[in-house]
Amino acid sequence: MTNWGFHIAKSRIIDMDTADLGVYRKVAAKVPSAKLCLMCGACTASCTARNHTPFNLRKNHLLFRHGQFKGLAKEFDKCMLCGKCRLVCPRGVNTRALIYNMRMALDNLNYTRIKK
Ligand code: SF4
Ligand code: SF4
């Protein structure tokens, strides 16, 4: 069979009634340009970490935005905060500050969960 280099992704449903969107709102309050992201993927295409790992800023940002935090802390650890993505973003999103604040929020979430 011909390999076309892509596949049909499994369908998934995000339950927005139960998703925790408050964490993203707090991050967006600190980095207002985050709300301008149109998920174009230019940041991912230019990412330094992406050259060496499967790290995908666009995808991880979207998951974080929808309150889907599982595995994200480990993913964001791959980012070197080099800032290259910020230079190519057509919407002027301060991606470095966004990643840093998402990391901090995830650290706080883990800390809260460990304390419970
Ligand atoms: S390049 Fe900018 S607008 Fe495009 S996905 Fe990345 S952060 Fe969002
Ligand atoms: S700051 Fe992080 S996400 Fe942006 S290009 Fe550098 S390694 Fe990639």
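The values are calculated or read from the model by the stated rules, or taken from the named source; none is laboratory data. The shown structure was predicted, so the numbers you read here are calculated from the model rather than taken from an experiment. Cβ: placed from backbone, ideal geometry, glycine included. Neighbour counts: every protein chain shown.
Quick notes
- Boolean, M102 is assigned to a loop (DSSP other than H, G, I, E, B) and either surrounded by 17 or more Cβ atoms within 10 Å (Cβ to Cβ) or aliphatic (A, V, I, L, M) (or both): no
- A single entry from S33, S11 fulfils the requirement of being surrounded by 10 or more Cβ atoms within 10 Å (Cβ to Cβ), farther than 18 Å from L106 by Cβ and polar (S, T, N, Q): S33.
- The one condition in (1) away from ligand 2 (no atom under 16 Å from the Cβ); (2) outside any helix (DSSP H, G or I); (3) charged (D, E, K, R); (4) modelled with pLDDT of 95 or more that R12 fails to fulfil: (4)
Yes/no per residue for (1) assigned to a loop (DSSP other than H, G, I, E, B); (2) more than 13 Å from the chain's Cα centre (by Cα); (3) surrounded by 19 or more Cβ atoms within 10 Å (Cβ to Cβ):
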| residue | (1), (2), (3) |
| --- | --- |
| T53 | yes, yes, no |
| K59 | no, no, no |
| Q68 | yes, no, no |
| K74 | no, no, no |
| C79 | yes, no, yes |
| C82 | yes, yes, no |
| L87 | no, yes, no |
| G92 | yes, yes, no |
| R96 | no, no, no |
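- Failed item, numbered, when W4 is tested on (1) part of a helix (DSSP H, G or I); (2) farther than 21 Å from L109 by Cα; (3) of a type in the set (F, W, Y): (1)
- Subset of segment 28-43 [touching a residue at least 24 places away in the same chain (Cβ under 8 Å) and within 13 Å of ligand 1 (Cβ to nearest atom)]: V31, S33, A34, L36, C37, L38, C40, A42, C43
- Pairs, first more than 14 Å from T48 (Cα to Cα) and near ligand 2 (Cβ under 7 Å from one of its atoms) in segment 76-96, second of a type in the set (F, W, Y) and at pLDDT 95 or above, C-beta under 7 Å, six or more apart: none
- Of the residues making up segment 40-51, those that are surrounded by fewer than 13 Cβ atoms within 10 Å (Cβ to Cβ) and under 15 Å from M102 (Cβ atoms) number 0.
- Selection of segment 17-39 for residues being of a type in the set (A, V, I, L, M, F, W, C), more than 16 Å from ligand 2 (Cβ to nearest atom) and closer than 15 Å to I99 by Cβ yields V23, A28.
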